[in-house]
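Have a look at the structure below, then the notes.
The values are calculated or read from the model by the stated rules, or taken from the named source; none is laboratory data. Here the structure is a predicted model, which is why all the values come from computation and not from measurement. Backbone-built Cβ (ideal geometry, glycine too); neighbour counts: all protein chains shown.
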């Protein structure tokens, strides 16, 4: 089998509902990752693109978070309603979904307007 062309890492980290940073998978059912896998399979893309469960991506305030590699595109606030758009626009047509993209200033930074101050 040829190597995967792209990987989606879907955060499935759980925290308590009252945690100040939030949680990407408060229900713990991995529903978002399973829905991405289903969407890829329906389009015959599951042998080229892999939808992986991920632990914490440290973007909790923007969750649920999804990152696409090797593109390095980070998405936040992703819901099941966004899956078809991400798959069709980004993964098929190579056009990131800008309305869901995280601002570069918020990715892998200690501070961001969305993060609570300690």
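Tell me, which residue of the range 24-39 that is in contact with a strand residue (DSSP E or B) (Cβ under 9 Å, 6 or more places away or on another chain) and part of a loop (DSSP other than H, G, I, E, B) is surrounded by the fewest Cβ atoms within 10 Å (Cβ to Cβ)?
30
Out of all the residues in the range 40-53, which are under 12 Å from residue 10 (Cβ atoms) and crowded, with 18+ Cβ neighbours inside 10 Å?
If the condition is that a residue be under 12 Å from residue 10 (Cβ atoms) and crowded, with 18+ Cβ neighbours inside 10 Å, then 40, 50, 51 are the ones that fit.
Is it true that residue 94 is at positive phi and surrounded by fewer than 18 Cβ atoms within 10 Å (Cβ to Cβ)?
yes
Which of the residues belonging to the range 62-108 are farther than 16 Å from residue 4 by Cβ, assigned to a loop (DSSP other than H, G, I, E, B), touching a residue at least 12 places away in the same chain (Cβ under 8 Å) and over 13 Å from the mean Cα position of the chain (by Cα)?
Residue satisfying the conditions is 108 alone.
Report, by residue number, each residue of the range 11-45 that is at pLDDT 95 or above and in contact with a helix residue (DSSP H, G or I) (Cβ under 7 Å, 6 or more places away or on another chain).
Matches in the range 11-45: 35, 36, 39, 40, 43, 45.
Which residue pairs have Cβ atoms under 7 Å apart, sit 6 or more places apart or on different chains, and have a first residue in the range 34-48 that is under 18 Å from residue 79 (Cα atoms) and a second that is assigned to a helix (DSSP H, G or I)?
Qualifying pairs under 7 Å: 35/80; 35/83; 36/83; 39/83; 39/84; 39/87; 40/87.
Let me spell it out: the conditions are (1) modelled with pLDDT under 95; (2) in contact with a helix residue (DSSP H, G or I) (Cβ under 8 Å, 6 or more places away or on another chain), and residue 51 meets all of them except one. Which number is the exception?
Here residue 51 meets the rest and fails (1).
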